[in-house]
Every structure is written in structure tokens, then in C-alpha cells.
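The values are calculated or read from the model by the stated rules, or taken from the named source; none is laboratory data. Note that this is a predicted model, so its numbers are computed, not measured. Using ideal geometry, Cβ is built from the backbone for each residue, glycine included, and neighbour counts are taken over all protein chains shown. We work out accessible area using only protein heavy atoms, side chains counted, and drop any ligands, DNA or RNA first. Shrake-Rupley method; radii C 1.70, N 1.55, O 1.52, S 1.80 Å.
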Amino acid sequence: MHDVIIIGSGPAGYTAAIYTARAGLKPLLIASSVEAGGELMKTTEVENYPGFPEGLMGPDLMANFQAQAERFGTEILMDDVVEVDLKPTIKIVKTGNGKTFETRSVILATGAAYRELGLPREKELSGHGVSWCATCDGFFFRQKTIAVVGGGDSAMEEANFLTRFADKVYLIHRRDSFKASKIMQERALANPKIEVIWNTEISQLHGEAKLTGVKLRNTVDSTTKDLELDGLFIAVGNDPRVWLVENQLELSPEKFIKVDGRSSRTSISGVFACGDVIDPTYRQAITAAGSGCVAALDAEHYLQDAH
């Protein structure tokens, strides 16, 4: 019987592990066999994580997180959770390798996946001109020509933010109107550095070692043209990884796990959630880590009160 099992291994999961391990709770962290380390494993240079003035590579940052969690006695299992039974008393966690664990509490740090366009070489060029995070990577595109694809609030926000660095920002949208809020649209449309390309989708990415441009396809008449770019930011939404728990826990309207106020408490006692799986707004390593700390402290207090 475990005191706490943590599902997920990004900044939130590892921070929860560090705190619960230091509290003597001997956490088991189930990291995933494929996605271990979370979204930061797909990132090249991380320059905005406090404490690393020179910056460091995303995978190196996650290796540091893991080493720190292990130093305090976290048991890490590289396996995939395939089923959970989140009863208010003893919770059951099953993995792909056929193992079954019982635990008094669960911390869910399963994250959210950025939606991809589904183009060939999209993953390959991630971190080499293709990005899903303006606040992470915008700095690398000073005085460059870039594009943002999307039509919602996050696309408008990213396009506006990127004009601080880039000389030119194209906003590519497959329809003839945005679904973003009125104020966000007005800001983007009023920005002299932003040019909107309506009724258009990206059909191909150009470039070998790094992105050099895209092929655009008109969604009305199917004509195509090439556009030279230094960078492409994809802002077409993200999907919280909730399939394990969506029939057991209360979710927000956007399908993120719902927590009680600023806590990590979910709709079932002894089940806590943290990181990007509860956060449709900020989606940063530092906010995820802070959220993992909250979950660990909430779990610790829950277990103290339960004894």
C-alpha cells in the first residue's frame, strides 16, 4: 500500500515527488514509457526558468528534476497507467505492464498536449523553427519573419506578443473570421506588424535542418503559394490528458480537471491534480512546478488528517 502515487512526470509531477518524498511519504511516480518528462522533452533551449541564468536544454532541465526527486527517495516507474479506480477510500492504479498498485492518495500530473497541424516533419522541426509556445521561444526570433496559425484568443495573444521580437508576423487562419474575443481581435488587427492571411491553411513545411518556409493552400479555391518564414507558431488549442479520469472526476467546461479554488483538490477526496491538466491559461514550466508543490502539500495534509 502506497501513501501517494503520482501519475505524470513533467515539472508538476516531479515537483510533487520532491515535496512528498521530503515529507517521508515514499511516493511512487509513474512516468510513462513514451512521454516521460512531459512537453519540455520536446523543447530545445529554456531561458525563462529561474535559477539558470545561462539557460539550459529542456531535456536537461527534466533530468535535473528527476535526479532531485530520486535523491529524496522517489520510486520512478517507466510505465503507462492504463486504468485508475479513484474510490474515496483506497485507490487502484493499473499499468500497461500488468502491475496493480493500491494507494491512499493520487496526484494527477498528466499534462496537456499541444494540438498539432498533422503535417509531415512537424515533430521533426519542433524546436527548429516550429513552436507551440510564444513566451518560451519568441525571444529567438528577433528581427525575423514568422507566422502564427490559429483563430482563437491564444493565436491573437501569441501574434501580438511575438511583434515585440519579430519584424513581421503573419496570422494564418483557415476561415474568413476569427473566433477570438472582440478585444483580442481588435488588438491583433490594429497591430502594424501583423498581416492576416484569411481562408488559408498550411499544407507543407519547407526546410531541412530548420524551417525555411511553408506552402499555403487557399481553402476557397485551393490555389497554393509559398511563404518564406523563419518561424511558425502553432496556436490551434491543446488537449488536457484526462481520458484516464474523465468518467470519474468533475471536469471544467474546457475539459480540464476541476480543482477547488487555488488548491489541487478534485471532486474525489484523496485525489489531487496539478500542472497543465488543470491549467488552460498559463502552461509554463514554472507555474506547473508551483502547482505540483501545492498538490504535494495538499496530499500531505490529507494523509495527516486521514490517520
Counting only complete DSSP H runs, which helices of the chain cover 24 Å or more along their long axis at the Cα atoms and score a mean Kyte-Doolittle of -1.0 or above? 285-306
Over the chain, relative contact order from alpha-carbon pairs under 8 Å, at least 6 apart, %: 21 percent
Skipping prolines and chain starts, which residues have an amide H placed within reach, meaning under 5 Å, of the one on Leu251, given they are 5 or more residues away or on another chain? Lys258
Projected area averaged over orientations for segment 171-217, convex hull of C-alpha atoms, nm²: 3.9 nm²
Unit charges on C-beta of K, R, D, E only; dipole of segment 1-124, Debye: 480 debye
No other cysteine beta carbon under 4.7 Å away is the test; run it over the chain and list who passes. Cys274, Cys293
Output the relative contact order of segment 127-178, whole-number percent, from Cα pairs under 8 angstrom with separation of 6+ residues. 40 percent
Please give me the summed charge of the neighbours of Val271: other residues whose Cβ is under 9 Å from its Cβ, Lys and Arg +1, Asp and Glu -1. +2
Residues whose built amide H sits under 5 Å from the amide H of Tyr170, excluding neighbours closer than 5 in sequence, are Ile146, Ala147, Val148, Glu195
How do the peptides 48-54, 300-306, 232-238, 290-296 rank, highest first, by the average count of neighbouring beta carbon atoms within 10 Å per residue? 290-296, 232-238, 300-306, 48-54
Given Gly111, Asn191, Leu251, which one lies farthest toward the positive end of the charge dipole of the chain, if we put +1 on the Cβ of every Lys and Arg and -1 on the Cβ of every Asp and Glu? Asn191
Zero-based 10 Å bins, Cα pair distances in segment 45-115, whole percents: 15, 33, 33, 16, 2
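Per the 1.4 Å probe, what fraction of the accessible area of segment 172-307, in percent, lies on carbon and sulfur atoms? Display every interim value, and only then the final one.
Numbers: 3660 of 7460 Å².
Carbon with sulfur: 49 percent of the solvent-accessible area.
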Given just the C-alpha atoms of segment 1-149, how large is their convex hull per residue in cubic angstrom? 134 Å³
On the protein heavy atoms, probe 1.4 angstrom, tell me the percent of accessible surface of segment 1-82 carried by carbon and sulfur. 51 percent
Summed over the other residues with a beta carbon less than 11 angstrom from that of Glu254, with K and R at +1 and D and E at -1, the charge totals 0
If segment 116-226 were replaced by its equivalent ellipsoid, with semi-axes equal to the square roots of 5 times the Cα gyration tensor eigenvalues, what would those be, largest first, whole Å? 20, 18, 12
Given charges at beta-carbon only (K, R positive; D, E negative), |dipole| of segment 189-307 in Debye: 140 debye
If you count only protein heavy atoms with a 1.4 Å probe, what accessible area per residue comes out for the chain, rounded to a whole Å²? 49 Å²
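In percent, what relative contact order does segment 170-241 have, based on Cα pairs under 8 Å that are 6 or more apart in sequence? Please list the in-between numbers first.
Values: 96 pairs, mean separation 17.4, N = 72.
The value is 24 percent.
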Once the dipole of the chain is set up with Lys and Arg at +1 and Asp and Glu at -1 on Cβ about the Cα centre, which of Met78, Val130, Leu29 lies farthest towards its positive end? Val130
Binned Cα-Cα distances of segment 161-307, short to long, each 10 Å bin given as a whole percent: 9, 27, 25, 21, 14, 4, 1
Just the C-alpha atoms of the chain: what Rg/Rh do they give, with Rh taken as the Kirkwood radius? 1.02
Find how much the distance from Arg262 to Phe52 grows on full extension, using 0.36 nm per residue of separation minus their present alpha carbon separation; answer in nm with one decimal. 72.9 nm
The extension gain from Ser252 to Asp226, computed as 0.36 nm times the residue separation minus the Cα-Cα distance, is 5.3 nm
